[in-house]
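Worksheet: the structure to be examined is printed underneath.
The values are calculated or read from the model by the stated rules, or taken from the named source; none is laboratory data. Just so you know, these numbers come straight off a predicted model, no measurement behind them. Note: ideal-geometry Cβ built from the backbone for every residue, glycine included; neighbour counts use all protein chains shown. Side chains are part of the model used for accessible areas, which takes the heavy atoms of the whole protein and leaves out ligands, DNA and RNA. Shrake-Rupley method; radii C 1.70, N 1.55, O 1.52, S 1.80 Å.
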Amino acid sequence: MAPPSPRIVNARSNHFAVGLVAVAAVLVGVVLRIAYLGADPSYPSWIGWLGDEGRWTQVGREWMLFGAVDLNAPLSRSHLILGPLFQAIQAVAFRVFGVGIVVARWVSVLAGLTLIATAWWFLRPRVGTWAAAVVVALLAVHPDLVFFSRVAIPEMASLALQLLGFALLVGAPRTRGRAFGAGVAVAVAMGLKGTVAPLLIVFMAVAVGTGRPGDPASRWSRCGLFVVPILGPALVFLLAIGATMGSLQGSIGDILQFAQLDSLYGAFSVLYVGEWTIRANVLLAALWSVGVALALSGAPDSEERTLFTGALIWAAGWIALSSALLYFPERYVVHVHVPLVLALGAGLVLLRSQEHGLRTAIEGVARGRRRWVFAAAFVVPLAIQITAAGFSWAAAAGLSAGGMREHAGAVTLVTLLLATWLAARWSVGAVLLAGFALPLGMATAWSAVDLLEGFQVYWGGGAGDAMAWAWVFGAAIVGALLALRLQGPDGSRVHRLVLAYVGALAIVWVADRVDRLNRRTYALDEIRASLVDRYPEGSVIRVQAASSVLIDTRFRVAYPGWDGPAPDILLALEHEPPYFDVTGYREVAEFGAPFGPRHYYDNPVWDRIRIYERVEMSPSPGVVVRPESP
């Protein structure tokens, strides 16, 4: 028997190396998700977990502790309407394991690990071990995915079901039965987190965009079967909520407030303003993927191409929603990371294709209108960067930054000029320069400046943002990958480059989370202990933005709108003006709030949590009552 060829041995060793990286990344990801789970969460630009953990677990907690839940308060009612399944899961967890913040967070931990396992199950037989390992490794250590796997909110549980629905919808065989199953999975995802309801439109586009070629009737029938298991339960749920809470119109209104459209300027300004660099990164990554998809549009239909197309539609849909919806907080960008990573894995497989490489695709674009459209798609990221930088510098110099018309006009003009130039000078080098090298280089340079010097003018990113480093490493590695790909396929070099890319991202992302764990705090435990020492079980505490403090206690939670007795205690996240009037109350304790460094930079007054009690009450232990001044 002849020995295996060196190329086969090389491929096996490369697959083994990438597999080891994936296994190591998953193990590290498990540790990052469960280590010090009781510590205060750490996130650079969002403090809402301080109240959201309490709100998303309130129904299960109050039912287990007191046998009743007050739903008169708008916050209590809206979080039950928007997440009935998540609240039910938390209730079961509390019933089995006891009421506590760590128990509540374990639901998200398991959801995060389920997402990773689902990705491997779905990708391994379709794109191979190599690409599946790349995706799984990045999902395992991604900072946002790790963070949302450590907090008791429904983001990760919903994402895991979204991925399952996507897998059933896109994976072969793409039958009507699997489309129906995908609808069931997405319906559960919406039951876990109602604010992902716009995903219905996005996945309908995925169903149509990934159907069998040349069979439009099949595409639309799959789309219809996908919708059926979502709309039916949604209608029944709304009727049940209306009957239970006495006002169907009010219940629908609670939901629709999250679906209001932003103004045209607000939607367009997402290209220019934001609290962190990740907005620009996500936008650029999506547009980069569009460019690659267009460049490889001549490739035959395949599993990896269908996956790439579907993931791109999924990601682009969420990016469009983030621009169009009035309520779309920064943290929702985590929903974009999963499809972008899927697109990365499938895209890498496409780039390794011997028959349809990037050079072949670019050189095969004919002259005329089609070439100009391709050119425009490639230069949009660069046009956005140039105009955004120009307006930012103008604003920093004290000049008028203009309005929506000026911004939109500038992007359009620069796109037209760049596309015309690229179409006239069409070549592989020109496409790489305008479509990849310059936008990636600009993002890398600005991210580095932002990280190293805290520069806040261009896209307003904050120092320490690990996501920005994705471009620092990604620009060099992806650029080298594309350059080598132009010289013809070489599996060993491509594997080494991708391994370096995944390894570099993993190191930076893991270092970011490890640093946060090393700087962990237990401020919530300190505040909780103070409350338990001062007040008896069953005391009613009014709270708005810091309800997570109370999960591990036996106090009743009174949100604004509470229908019970007037609370004797207030737990206030300090800012100006306060959430509620403290007249008639005295301050008895003050604690530093466990917020990230960027939040201190943007909102330095949100740095304290204070406890107040009624002046008529006997002073709680350790309180010195100062005499009133005459």
What tally of residues in segment 543-560 results from selecting those that are over 31 Å from the mean Cα position of the chain (by Cα) and open to solvent by 40 Å² or more (accessible area, probe 1.4 Å)?
-> 2
In segment 512-548, what residues are out of contact with any helix residue (DSSP H, G or I) (no Cβ under 6 Å at 6 or more places or on another chain) and among the small types (Gly, Ala, Ser)?
-> Ala523, Ala529, Ser530, Gly538, Ser539
One residue from Ala185, Ala189, Ala217, Ala197 being small (Gly, Ala, Ser), under 21 Å from the mean Cα position of the chain (by Cα) and surrounded by fewer than 21 Cβ atoms within 10 Å (Cβ to Cβ) | Ala197
Which members of segment 220-247 meet the condition of being open to solvent by 70 Å² or more (accessible area, probe 1.4 Å), at pLDDT below 85 and of a type in the set (A, V, I, L, M)?
-> Leu231, Leu235, Val236, Leu239, Ala243
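With the requirement that a residue be assigned to a helix (DSSP H, G or I) and either of a type in the set (D, E, K, R) or open to solvent by 50 Å² or more (accessible area, probe 1.4 Å) (or both), what does segment 61-77 give you? If you could, list the steps in order and put the result at the bottom.
Within segment 61-77, the subset assigned to a helix (DSSP H, G or I) is 61-66, 74-77.
Once the filter is applied, which keeps residues that are assigned to a helix (DSSP H, G or I) and either of a type in the set (D, E, K, R) or open to solvent by 50 Å² or more (accessible area, probe 1.4 Å) (or both), segment 61-77 yields Arg61, Glu62, Trp63, Met64, Phe66, Pro74, Arg77.
Restricting to segment 422-436, and then to whatever is part of a helix (DSSP H, G or I) and in contact (Cβ under 8 Å) with a residue 40 or more places away in the chain, can you tell me which residue is surrounded by the fewest Cβ atoms within 10 Å (Cβ to Cβ)? Can you show your working first?
Of all residues in segment 422-436, those part of a helix (DSSP H, G or I) come to 422-424, 428-436.
Of the ones still in play, those that are also in contact (Cβ under 8 Å) with a residue 40 or more places away in the chain are 422-423, 428, 431-432, 434-436.
Values: Leu422: 23, Ala423: 22, Val428: 15, Val431: 26, Leu432: 19, Ala434: 22, Gly435: 28, Phe436: 22.
Step by step, filter segment 422-436, then rank; the result is Val428.
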Considering segment 164-217 alone, what residues qualify as being in contact with a Gly (Cβ under 6 Å, 6 or more places away or on another chain) and either free of Cβ contacts under 8 Å to residues at least 24 places away in the same chain or within 18 Å of Arg126 (Cβ to Cβ) (or both)?
-> Leu168, Val170, Ala182, Ala185, Val206, Thr210
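Suppose the filter is under 20 Å from Leu438 (Cβ atoms), charged (D, E, K, R) and at pLDDT 75 or above; does Arg371 pass it?
Values: under 20 Å from Leu438 (Cβ atoms): yes; charged (D, E, K, R): yes; at pLDDT 75 or above: yes.
Yes; evaluated as a whole, the condition is true for this residue.
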Could you list, in sequence order, the residues of segment 42-56 that are within 17 Å of Gly112 (Cβ to Cβ) and either part of a helix (DSSP H, G or I) or over 16 Å from the mean Cα position of the chain (by Cα) (or both)?
-> Trp49, Asp52, Glu53, Trp56
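Can you pull out every residue in segment 127-182 that is among the small types (Gly, Ala, Ser), closer than 24 Å to Ala205 by Cβ and buried (at least 24 other Cβ atoms within 10 Å of the Cβ)? Explain how you work it out, then say what you get.
Restricting attention to segment 127-182, the residues satisfying the condition of being among the small types (Gly, Ala, Ser) are 128, 131-133, 137, 140, 149, 152, 157-158, 160, 165, 167, 171-172, 177, 179, 181-182.
Restricting the remaining residues to those that are closer than 24 Å to Ala205 by Cβ gives 131, 157-158, 160, 165, 167, 171-172, 177, 179, 181-182.
Those that are among the small types (Gly, Ala, Ser), closer than 24 Å to Ala205 by Cβ and buried (at least 24 other Cβ atoms within 10 Å of the Cβ): Ala131, Ala157, Ser158, Ala160, Gly165, Ala179, Ala182.
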Using beta carbons and a limit of 9 Å, which pairs, at least six apart or on different chains, have the first residue in segment 140-152 and outside any helix (DSSP H, G or I) and the second one of a type in the set (Asp, Glu)?
-> Ser149/Glu155; Val151/Asp52; Val151/Glu53; Ala152/Asp52; Ala152/Glu53
Arg77 vs. criteria charged (D, E, K, R) and in contact (Cβ under 8 Å) with a residue 60 or more places away in the chain | yes
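Restricting attention to segment 44-55, does a residue exist that is in contact (Cβ under 8 Å) with a residue 40 or more places away in the chain, among the polar types (S, T, N, Q), closer than 28 Å to Val196 by Cβ and out of contact with any Phe, Trp or Tyr (no Cβ under 7 Å at 6 or more places or on another chain)? Before you say what the answer is, go through the steps one by one.
Here is the first cut: in segment 44-55, the residues in contact (Cβ under 8 Å) with a residue 40 or more places away in the chain are 44-55.
Next, from what is left, pick out any that are among the polar types (S, T, N, Q): 45.
Of the ones still in play, those that are also closer than 28 Å to Val196 by Cβ are 45.
Among the residues that remain, those that are also out of contact with any Phe, Trp or Tyr (no Cβ under 7 Å at 6 or more places or on another chain) are: none.
Looking through segment 44-55, none of the residues is in contact (Cβ under 8 Å) with a residue 40 or more places away in the chain, among the polar types (S, T, N, Q), closer than 28 Å to Val196 by Cβ and out of contact with any Phe, Trp or Tyr (no Cβ under 7 Å at 6 or more places or on another chain).
Yes or no: Leu80 farther than 20 Å from Arg542 by Cα, in a helix (DSSP H, G or I) and out of contact with any Phe, Trp or Tyr (no Cβ under 8 Å at 6 or more places or on another chain)?
Judged against the criteria, Leu80 is not a match.
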Filter result for the condition that a residue is assigned to a helix (DSSP H, G or I) and either closer than 24 Å to Gly503 by Cβ or free of Cβ contacts under 8 Å to residues at least 40 places away in the same chain (or both), over Ala157, Ala137 = Ala137
